[in-house]
Amino acid sequence: MFPGVPHLSYRGGQRLRIVACECCRGQDDEPIARSFCSLAAVSPRPRGDTPMTYQIRRATARDLAAVEQVVFSAYEPWVDIVGGRPGPMDEDFAALIADGKVHVAVADEVAGLIVLATVDDALLIENVAVAPDHQGRGLGRQLITFAEATAVRRGLRTARLFTHERMTTNITWYERHGYVISGMEPLPFGRLVHLRKSLAQIEG
């Protein structure tokens, strides 16, 4: 655990506690490059169900190699499905980590990550990725819960994200958790689906 860094801890899918630091309150991030967001935890190939404890903390430069490996392993199965490389596979994660936009979920290793930015008075969830060995354990939901709590701490009442239209399991998962489709955007291969969720009912 890193002093002064916001984090959530979970055990077996149950949230244990949340700690918010002053650096997260009202933080204004610059928009980052657009990419395909994939909730890898709801891929068609769920993995083990062994309860684990995850700590979510801000990523550091020491996490770079692990972050890049998680992203590759989470998105590579989607390449043939969407017809091209999802954007996160080509992101500059060194720069995103340096900007404080990346949070990692850690058990005995980096198991997943989420990339967040504040854009137009909403929290934009740029990327969610879960390592294959940790899929099917609710970590994707925990990362999204962390993002929504972060939005509320920043005084934001809307969360936004986007995913490829062919990532249908992701779209269904987001809709089941309160996100609604707000628009479509053409891509060189397929369309980008924009979703949003009102966070007005979530207490800070």
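Any read-out appearing in this document is the output of simple, stated calculations on the displayed coordinates, not a laboratory observation. Source: prediction; values computed, not measured. Using ideal geometry, Cβ is built from the backbone for each residue, glycine included, and neighbour counts are taken over all protein chains shown.
What residues have an amide H closer than 5 Å to that of Arg191, excluding those fewer than 5 places away on the same chain, when H is modeled at 1.01 Å from N in the peptide plane?
Glu165, Arg166
Quick one: compute the contact order of region 146-204, relative version, from alpha carbon pairs under 8 angstrom and 6+ residues apart, as a percent.
Values: 81 pairs, mean separation 25.2, N = 59.
For region 146-204, the relative contact order is 43 percent.
Using 7 Å Cα-to-Cβ label points, what is the Ala98/Thr158 separation (nm, one decimal)?
Modelled inter-label distance: 3.2 nm.
Test of understanding: express the Cα radius of gyration of region 81-197 as a ratio to 2.2 N^0.38 Å, with N the residue count.
1.05
Out of the chymotrypsin sites (Phe, Trp or Tyr not before Pro) in region 111-204, which ones are loop residues according to DSSP with at most 13 other C-beta atoms within 10 Å?
Phe189
In region 65-204, what % of DSSP beta bridges are antiparallel (nearest 5)?
90 percent
For region 72-112, just say rounded, prolate or oblate: build the C-alpha gyration tensor, square-root its eigenvalues into a ≥ b ≥ c, call rounded for a/c under 1.5, and beyond that prolate if a/b exceeds b/c, oblate if not.
Numbers: a/c = 3.72, a/b = 1.46, b/c = 2.54.
In terms of gyration-tensor shape, oblate.
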